[in-house]
Amino acid sequence: MTIDSMDPEEVDAADILGSAIERREDPALITGDAEYTDDIQRPGMAHMAVARSQYGHADLEGVDTSAAEEMEGVVATYTHEDLHGEDTPEGGSFSLPTGWLLDSLEQVDHPILADGRVRYQGDAIAVVVAEDRYTARDAAEAVSVDYGRRDAVTDPREALDEGAPALHGEDNVAFDWELGDSDATDEAFESASHTVSIDVENQLLVPNAMEPRAAVADYSPGSGELEVFMTSQNPHLHRLLMSGVIGHPEHKLRIKAPEVGGGFGSKIHHYADEALAAWIAKDLERPVKWTATRTETYVTDAQGRGHRTEAELAMDDDGRITGLRVDTKANLGAYLSTFAPAVPTWLYGTLLSGQYDIPAIHCSVTGAFTNVPPVDAYRGAGRPEASFVVERLAHLGAREVDMDPAEFRRLNFVPADEFPYETQVAVVYDSGDYEKPLDKALEMVDYDSFRERQEQAREEGRYLGIGFSCYIEACGLAPSELAGQLGAQAGLWESSLVRFHPSGTVTAFCGTSGHGQGHATTYAQIVANELGIPYDDVEVVEGDTDEIPHGMGTYGSRSAAVGGSSLVKSSEKLVEKAKEIAAHQLEADPDDIEFEAGEFRLAGAPDRSLGIKEVAEQSYLAHDMPEEMEPGLEATSFYDPDNFVFPFGTHVAVVEVDPDSGEIEFEQYAAVDDVGNQINPKIVEGQIHGGIAQGIGQALYEGAEYDENAQLLTGSMQDYAVPKTYHIPEMETDSTVTESPHNPLGVKGVGEAGTIAAPQAVVNAVADALEPFGVEGIEMPLTAERVWEATNGRATTDGGSPPGEGDDEGGEKR
Amino acid sequence: MIPDGFDYHEPETTAEAIELLEEHGDAETELLAGGHSLLPAMKSGLSSPDVLIDIGGIEELTGVTADGGTLTIGAMTSYSDVLDAEAAREHAPALTAAVEQVGDRQVRNRGTVGGNVAHADPASDLPGAVLVSDATMVVQGPDGERDVPAEEFYLGMYATDIGPDELLTRVEVPSAAGAVGTYVKRASPSSGYAMVGVAALLSVEDGAAETVRVGASGVMDRGVRLEGVEDALAGGSVDEETIEAAAARAGEGLDTALMMDDLRASGEFRAQLLEVYTERALAEANADLAAPAAD
Ligand SMILES: Cc1cc2nc3c(=O)[nH]c(=O)nc-3n(C[C@H](O)[C@H](O)[C@H](O)COP(=O)(O)OP(=O)(O)OC[C@H]3O[C@@H](n4cnc5c(N)ncnc54)[C@H](O)[C@@H]3O)c2cc1C
């Protein structure tokens, strides 16, 4: 089902919430009118470039910036010593903090310019500032560095091996963490009738936001204000962190996120480069711009995933899941990025129950330092890794107990009448109805006839496969108290301000910070609906620490559930005040006033009414206000939800695999998602589409590959396969709606659902197709070569030989 | 991302270009054609010439003409202009089929046949196709013109017979009118270049194969003819079975140890793809022979 966009003009005001109106931000984004950080120019602006480590692991035996300094047009150079010199202004840590702590966490210093040692290719060594960006780049290259090479390690399992080159201390253990009941789980496995296991990698991915990271910093010596435009998903958080890193007071630091061209998580974290640009602008008293090259984004943007996992599923005779055991070695990269400790722990382990009622679960995770860029949240952040483990095991579990994979899942679903449902991994699912999306999806792919078609095709030597992914997702981590217990060094509420102007239009400020999600549209829909005013009369402002009261930003699919709800709360407060003004002017008791469609009416006397815009005007005239009421009409809220929201759904991939070429063709991709109430179904669909594309990217194409010296081999789009339109199948999307009971909009979240769901649907489909070859699964990305290897030498149609056999046979098999 | 500085020249004639090549013989000099291989190399720092001689504007080096059984493609003719030329489709069907698969529309609008051939990237789409088309490369230097058969033109990866003060002026192809040409490729999902690309030229007379020329890009350090495949089909009937049997001989005479082996595919897998894609190229050609495309 493809949803058609609507012109907002043609939508009744009463229907604005929930309508698939066009995104109002698109014309500027498409025509180039939108302003991104790199578009910003300031008089006298200098340009910064960073000299980075060429090697994955080395001691710095000498850093010589003299050649760079002598170049014409070079303004200044900085190394670690310059940040820590005797005359360096005090107050800055010049080290990047970690925003999430775990009990066993090994905190390590993360200097913004390397202190005698580099730990990943791309680690910043020195900075040059020049009159133009070309000179800056040339000068960065002229910085001469003597390296003392060290052995490197990039795989988390190898990093934890005895004798592996250690990055920080004695070993590479960043933390040991566990969740669930290990005794109960052991018991479940002891009494299990069936078990299946996997040993899988969830590969490292490069985020590849369309816009590279960038910053423009401008310091005003007169006021002491430091203004920083930057590619941020969370300006207030960046302000707090940067303030400590560079030692500039938070109230004199202004962070603005202009248009931001995607982030996928990579623009949540605080990096060295933006901090350096800000501090140097202050040091030089000159505006400074830094824009990453694409090459730099490949070696410095926090990468995602990077798990190696062994997991097992226990089942009884009837195919009921009785236990799940998971052991993961998580790659954290060279240092702890901002939220790195949370991603493979609380954002991962807590989702391991999937959509299933699993009585015993235990999960242990060891975080490992390795010589790759710091690893942190990337679209899905922990949940894709969890869902992948659960759904791959479900695929094998069904096979083991000889059940249909859809029915195996249905049997194990948390029943619809069990919500709220408390899992064995510390979370309470708010609401759910898992059979509905499954049934819808089965209908979309005509599952009844599929198995017949598959059988027939196999007889013709063609290999069709179907793969299921019944995923669960958690968005809007909350409440803040819980976040604090789990180790967050921040609250996870959201703040907003809704302000009427005297003329009757409204500006809605929200502390989330959209970077492609369409908030300018969806937030206006929410506020227009709450206030009963035309959609066009609402302007949405995000991404500016001076304009917006406060905020936590956009990530973890939290904006609608937390930011959107905050806008409802602010609007409600505003209406409350307006009602008192209206009552006063209508000479009635506020309790007798009803508010509907932007009108305050006296109950029972419909002709006595006042529009909210008139009230707004009156509130600013302030000629006739209720006693002791302040003039003006605006309201701020800080909304702290009671719980996460838990979207879910079923994705089904139908593929045909050519064992001779290893090629995978999609016959169909069906997605049924339940993201709660939908503010704008077109935007929901768009998020699902993009998410699936990214998930298919992980399943089939993407992966950061390093050599034994920790050099990134896939360091450009020539070598790292970001999927192109022709790699992505037509998708059929549909939805069911199960409201979240605990937020005022009944919404869940949709930003990451597709990315979480897709990989295992595809991998399961390929495994199903290749079942006759004895293939249980193939490591992602499922390149043609890996698929061919998996079938190579096992070209039988009689049920196949067990995996492992025939590995050494050559390519000849005709 | 930002290339080093360089001197830039824009000659209007081939003679001028050759003079400039001689004049700058001591410097690191590059000819600039469509720039779609050279500029990415310069931007990523793999190439930093001191002198660029932009030959893209030399009119006499562009255009497609058919004359007395020979099709001539000027070196600076863009892929798009080749595709727009009816004569190219008629007389050089295999080469045209390969040109059609180069990159995307933007790449085909800027990139040139001569640039492709001169660059000699083994993973590009044309090396196999020029062999199949029996093309002759016409190279011009201070001492005049010389003809180099495609078989002798490529010396290895990024290496050709073009001398330092010479340039490629045109590609000449003997007419293959009446034969069907196809090109199928397994593109690398990241770069779009050929992991394996197979070009085939096929005609059948009275049920027997008359012309059978098959060649591949992406497999070895240069384009190769697949002689085993050609031998298998020559003079015989062309059908599903004979094509499959012929394709099984695709790797014949190719040293598997020297096959391209990189991040995108191992040599072993390339050998496998070579068979699969040879079969596809021939099957497509055979289907086209049976039902000529209605254009
Ligand atoms: C995004 C992208 C995708 C691409 N995909 C493909 C693909 O799928 N398949 C494919 O085959 N190619 C592909 N290419 C490469 C493209 O086809 C190039 O255009 C081609 O390889 C070189 O032609 P050019 O005219 O651009 O030459 P340039 O880049 O200008 O020159 C290439 C080299 O040849 C030399 N040269 C050029 N002309 C002459 C001459 N007349 N005499 C002597 N030397 C000369 C130059 O000095 C230079 O060293 C792609 C390129 C890009 C940017």
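A few notes on this one:
- Amide hydrogen neighbours beyond the local backbone of A:Thr733, cut-off 5 Å, H modeled: A:Ala671
- In sequence order, calculated HN-Hα J values of region A:90-96 (Karplus, 6.51, -1.76, 1.60; Hz; x Gly/Pro): 7, x, x, 8, 6, 10, 8
- Only aspartates and glutamates eight or more places from B:Lys43 in sequence, or on another chain, were considered; those with a Cα closer than 13 Å are A:Asp138, B:Asp4.
- Rounded FRET efficiency, nearest 0.05, which uses the C-beta distance separating B:Thr242 from A:Asp199 and R0 of 45 Å: 0.50
- Computed on region A:581-736, with alpha-carbon pairs under 8 angstrom and 6+ residues apart, the relative contact order is 16 percent.
- Contact with the other protein chains removes 50 Å² or more of accessible area, compared with the isolated chain and a 1.4 Å probe, from these residues of region B:1-50: B:Met1, B:Ile2.
- ³J(HN,Hα) computed for each position of region B:4-12 - Karplus, 6.51 cos²θ - 1.76 cosθ + 1.60, integer Hz, glycine/proline x: 5, x, 7, 8, 10, 10, 10, x, 9
- Relative contact order of region B:118-262, defined on C-alpha pairs under 8 angstrom at six or more residues apart (%): 24 percent
- The HN-Hα couplings worked out from phi for region B:204-211 by the Karplus form 6.51 cos²θ - 1.76 cosθ + 1.60 (θ = phi - 60°) are 10, 10, 6, x, 10, 5, 9, 9 Hz, whole numbers, x standing for Gly and Pro.
- Protein-only accessible surface order, largest first, of B:Thr70, A:Thr522 at 1.4 Å: B:Thr70, A:Thr522
- Accessible surface computed residue by residue for region A:248-365, with neighbouring protein chains in place and a 1.4 Å probe, gives 22 Å² per residue.
- Alpha carbon centroid spacing (whole Å) that separates region A:145-198 from region A:556-585: 48 Å
- Restraint check, A:Lys256/A:Lys724; A:Lys252/A:Lys748; A:Lys436/A:Lys569; A:Lys267/A:Lys289; A:Lys440/A:Lys682, Cα-Cα greater than 25 Å: A:Lys256/A:Lys724; A:Lys252/A:Lys748; A:Lys436/A:Lys569
- Accessible surface computed residue by residue for region A:493-639, with neighbouring protein chains in place and a 1.4 Å probe, gives 38 Å² per residue.
- Alpha-carbon centroids, region B:142-190 and region A:249-299: separation in whole Å: 48 Å
- Note on chain A: helix-only mean residue ellipticity at 222 nm, from DSSP H runs of 4+ residues weighted -39500 (n - 2.57) and normalised by residue number, equals -8000 deg cm²/dmol.
- Estimated FRET transfer efficiency when R0 is 56 angstrom, pair A:Gln456-A:Ala426 (beta carbons, to 0.05): 0.75
- Formal net charge of residues neighbouring A:Pro221 (Cβ-Cβ distance under 13 Å; K, R +1; D, E -1): -2
- Buried solvent-accessible surface, both chains (A, B), 1.4 Å probe, Å² to nearest 100: 2200 Å²
- From the alpha carbon centroid of region A:638-666 to that of region A:437-513 is 9 Å.
- Charge tally for B:Ala120 (other residues, Cβ to Cβ under 13 Å; Lys, Arg +1; Asp, Glu -1): -4.
- Rolling a 1.4 Å probe across the protein heavy atoms gives region A:1-154 an accessible surface of 51 Å² per residue.
- Percent accessible area from carbon and sulfur atoms, the protein assembly as shown, protein chains only, probe 1.4 Å: 44 percent
- Helices meeting the span-like rule in chain B (full DSSP H runs, Cα extent of at least 24 Å along the helix axis, mean Kyte-Doolittle score of -0.5 or higher): B:267-290.
- Average Cα contact separation per residue, region B:59-172, under 8 Å, 6 or more apart, as relative contact order %: 27 percent
The values are calculated or read from the model by the stated rules, or taken from the named source; none is laboratory data. Nothing here was measured: the structure is a model prediction, and the numbers come from that model. Every residue, glycine as well, gets a Cβ built from its backbone with ideal geometry; the counts of neighbours run over all protein chains shown. Side chains are part of the model used for accessible areas, which takes the heavy atoms of the whole protein and leaves out ligands, DNA and RNA. Shrake-Rupley method; radii C 1.70, N 1.55, O 1.52, S 1.80 Å.
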